[in-house]
Structure formats: structure tokens, C-alpha cells
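Worksheet: the structure to be examined is printed underneath.
The values are calculated or read from the model by the stated rules, or taken from the named source; none is laboratory data. As the structure is a computational prediction, the values presented were derived from the model and not from experiment. Here the Cβ positions follow ideal geometry from the backbone for every residue, glycine too, while neighbour counts run over all protein chains shown. In case anyone asks, the SASA skips ligands and DNA or RNA and just uses the protein heavy atoms, side chains included. Shrake-Rupley method; radii C 1.70, N 1.55, O 1.52, S 1.80 Å.
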Amino acid sequence: MAVEGIILKGIGGFYYVDTAEGLIECKARGKFRLKTGKPVIGDRVEIEIQPDGTGYMMSIAERRNQLMRPAVANLDQLVVVCAAAPPRTDPFLIDKVTAIAEHKEMDVLIVINKTDIDSGDELFRIYTQAGFTVLRVSAETGAGVDELKAHLKGKTSAFAGNSGVGKSSLLNRVDSRFALKVGAISQKIERGRHTTRHVELMKLEDGGYIADTPGFSAFNLEQMDLVLKDDLQYTFREFAPYLNQCRFTGCAHVKEKGCAVIAAVEAGKISKERHESYCRLYDSVKDIKEWSLNK
């Protein structure tokens with residue numbers, strides 16, 4: 001019997017697919033993987049259920065989008081969890097991840113956690129000004145969790161954030177069935193211990209799926225998906241009204257004279273922090289050629 005489903009996790013060559021018939025343990029035969037490539041979490045697949053209740057993958061539907069590291073496909077939105085309380089989130093880390101999400105055409109939701117300790121006014125200012133939906137929540141008290149649930153319902157989302165920022169605690173608030181392990185914060189270095197070692201989609205009680213991912217503070221730029229310099233300007237949504245107003249064609253929006261983006265920063269229409277992140281990202285990829293990534 002052939003059925004369709006979504007891959008929730010993969011362990012040791014076995015894939016666990018959520019279907020109308022329940023959760024089915026599947027294998028991807030060697031010929032299948034040679035033809036279609038390695039399946040990833042979030043793939044929509046067709047499987048053939050065997051008499052013993054296990055399955056074999058028959059096909060993978062075309063992916064709407066895909067993150068390479070961590071490997072997950074078909075995300076509706078990326079939920080970036082941050083905090084102004086220890087371990088404080090560097091806005092550059094947020095901007096690095098949101099740029100990737102924008103490039104992959106995923107929606108972005110910014111969630112400021114630990115607001116029972118610090119309301120995160122500066123983070124709220126930066127990202128609401130940039131045009132993102134920003135929620136203030138507290139995994140400790142439950143404040144704002146109902147609003148977060150409403151944004152997750154019926155969607156496939158991935159949670160990302162620096163270690164110790166409270167992703168797992170927040171997910172436990174969203175759905176108590178998850179019972180995710182929560183790590184302690186090191187008082188010496190104000191950084192959380194990693195509690196999430198792999199990517200797995202978890203089915204929400206109210207509909208939808210959640211992927212918890214390892215903290216992005218552990219990733220360097222070479223390990224993450226790259227946004228090359230020619231595309232980077234389009235991943236900062238607040239730049240859009242100014243991109244065709246620069247004096248010179250091909251403006252990098254870094255330090256050029258007559259740059260409309262820089263003028264908007266100076267006028268307070270674009271936050272200085274976001275532009276600084278853009279410049280750092282641009283500098284890190286300016287010498288990378290697209291052909292070199294396929295070597």
C-alpha cells in the first residue's frame with residue numbers, strides 16, 4: 001500500500017515518516033538514494049508499506065526550500081529565539097540567520113524570550129523597525145506563549161537561537177508532550193550547554209510541526225548556508241525601498257558615496273545595528289565565487 005507522509009527524523013539509515021496510517025519506519029534503498037539523493041527531515045515522501053508494517057521510500061516531492069546545515073526541508077518559517085538576559089544574543093547572529101531565511105523565502109518570526117528578566121527593548125526596536133513580527137515571551141512564566149502558539153499552528157517551523165536562550169524550555173511550554181531536556185546556564189561564561197544534538201520534527205498538538213535545531217552560536221559562517229554578495233542586499237528587507245536609488249550602479253551599500261541605503265541609516269530609517277551586520281556579512285562573502293562552492 002502506497003501512502004504519503006513527512007519525514008520527522010532519521011537515525012542510522014532509518015527514516016520515520018508521519019502518515020495517515022501513523023508513524024512508519026522506513027528505509028531508502030541504495031538505488032533510490034542514488035537516483036534522488038539523501039532524504040532529509042521535512043521531506044514530503046511517498047512510501048510503500050510492507051506486510052510487517054515498515055516501509056520503503058518510493059519518491060520525494062520537490063522541495064520548496066532547504067537548509068543544508070542543519071539539514072531540513074520545506075519550512076514555512078524560521079523562529080529565531082533571542083534574549084537580552086544572559087546568555088545575551090548578539091544581533092549579528094540573528095541577522096546571519098534571518099538573511100539565510102529570507103534568501104530561502106521562509107517567513108521569519110523573532111521571539112524575545114526571558115522577558116521576565118529583561119524585556120529586550122533594544123532587540124524589539126531593531127527588529128520591529130526592520131519589519132519583522134516580534135513577540136515577547138517568557139518560558140519561565142508562560143507570558144506570550146499563547147500568541148506564539150497561534151503563529152505556529154498549521155505551519156512547519158524551525159526554532160533557532162544561541163545555546164541557553166531557552167528554545168527547549170519554550171518548546172516545552174508550547175507543547176508539554178515534548179518534555180525536552182533543558183540545559184543549565186554556565187554562570188562563568190553565561191552560555192548554555194547544548195541540549196539538542198540533531199534535527200527532528202515534532203508534531204504539534206494543535207497542528208503543524210516544529211524542528212528544534214542546535215544553537216547557532218556553535219556554527220561559523222563556513223558551516224552555514226551562504227548568501228553570496230550579489231544576493232545579500234535583498235535579504236535585508238528594510239533596504240528594499242532604497243536599492244534602486246543609489247548614485248552608482250552596483251553599489252555595495254557598505255561605504256560608497258551617494259548610497260541611498262547609507263543615507264537611510266544616517267536618517268534613522270534603517271537601524272545602525274542592522275547595517276553593521278550587513279557590512280560584516282558582506283565582508284565575509286565578498287571574495288567567494290559561486291562556482292567555487294561546487295568544488
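Restricting attention to segment 82-128, report how many residues are out of contact with any helix residue (DSSP H, G or I) (no Cβ under 9 Å at 6 or more places or on another chain) and of a type in the set (F, W, Y). Summing the residues that are out of contact with any helix residue (DSSP H, G or I) (no Cβ under 9 Å at 6 or more places or on another chain) and of a type in the set (F, W, Y) in segment 82-128 gives 1. For segment 67-98, name all the residues that are modelled with pLDDT of 90 or more, in a loop (DSSP other than H, G, I, E, B) and charged (D, E, K, R). Matches in segment 67-98: D76, R88, D90. A search for C-beta distances below 6 Å between a residue of segment 121-138 that is open to solvent by less than 60 Å² (accessible area, probe 1.4 Å) and any residue that is of a type in the set (S, T, N, Q), counting only pairs 6+ apart in sequence or on different chains, returns I126/S271; V134/T128; V137/N113; S138/T115. When G142 is tested against the conditions (1) in contact with a helix residue (DSSP H, G or I) (Cβ under 9 Å, 6 or more places away or on another chain); (2) open to solvent by 60 Å² or more (accessible area, probe 1.4 Å), the lone failure is (2). Out of all the residues in segment 236-243, is one or more open to solvent by 30 Å² or more (accessible area, probe 1.4 Å) and closer than 13 Å to H103 by Cβ? Yes: segment 236-243 contains one or more residues that are open to solvent by 30 Å² or more (accessible area, probe 1.4 Å) and closer than 13 Å to H103 by Cβ. Here N162 clears all of (1) under 17 Å from the mean Cα position of the chain (by Cα); (2) outside any loop (DSSP other than H, G, I, E, B); (3) more than 21 Å from L201 (Cβ to Cβ); (4) among the polar types (S, T, N, Q) except the condition numbered (2).
Listed by first and then second residue, the pairs linking a residue in segment 59-81 that is over 12 Å from I41 (Cβ atoms) to a residue that is basic (K, R) and part of a strand (DSSP E or B), with Cβ atoms under 6 Å apart and 6 or more places separating them unless they lie on different chains, are A61/R44.
Annotation: R193 fulfils all but one of (1) of a type in the set (D, E, K, R); (2) farther than 24 Å from L75 by Cα; (3) modelled with pLDDT of 90 or more; (4) open to solvent by 80 Å² or more (accessible area, probe 1.4 Å); the unmet one is (3). When A160, A101 are checked against the criterion of being at pLDDT below 95, surrounded by 22 or more Cβ atoms within 10 Å (Cβ to Cβ) and in contact with a Ser or Thr (Cβ under 7 Å, 6 or more places away or on another chain), a single residue qualifies: A160.
Listed conditions (1) closer than 16 Å to K203 by Cα; (2) without any contact (Cβ under 8 Å) to a residue 24 or more places away in the chain; (3) of a type in the set (F, W, Y) are all met by Y15, apart from (2). Reported count of residues in segment 104-120, each being within 16 Å of the chain's Cα centre (by Cα), open to solvent by 10 Å² or more (accessible area, probe 1.4 Å) and either at positive phi or modelled with pLDDT of 95 or more (or both), is 3. Within the set K269, K257, the sole residue that is closer than 16 Å to Q129 by Cα, in a loop (DSSP other than H, G, I, E, B) and open to solvent by 30 Å² or more (accessible area, probe 1.4 Å) turns out to be K269.
Would you pick out the residues in segment 31-68 that are over 24 Å from G208 (Cβ atoms) and open to solvent by 50 Å² or more (accessible area, probe 1.4 Å)? If the condition is that a residue be over 24 Å from G208 (Cβ atoms) and open to solvent by 50 Å² or more (accessible area, probe 1.4 Å), then K31, R33, L34, K35, T36, K38, E48, Q50, P51, D52, Y56, M58 are the ones that fit. Here L221 fulfils each of the conditions (1) modelled with pLDDT of 95 or more; (2) within 21 Å of the chain's Cα centre (by Cα); (3) open to solvent by 20 Å² or more (accessible area, probe 1.4 Å) apart from (1).
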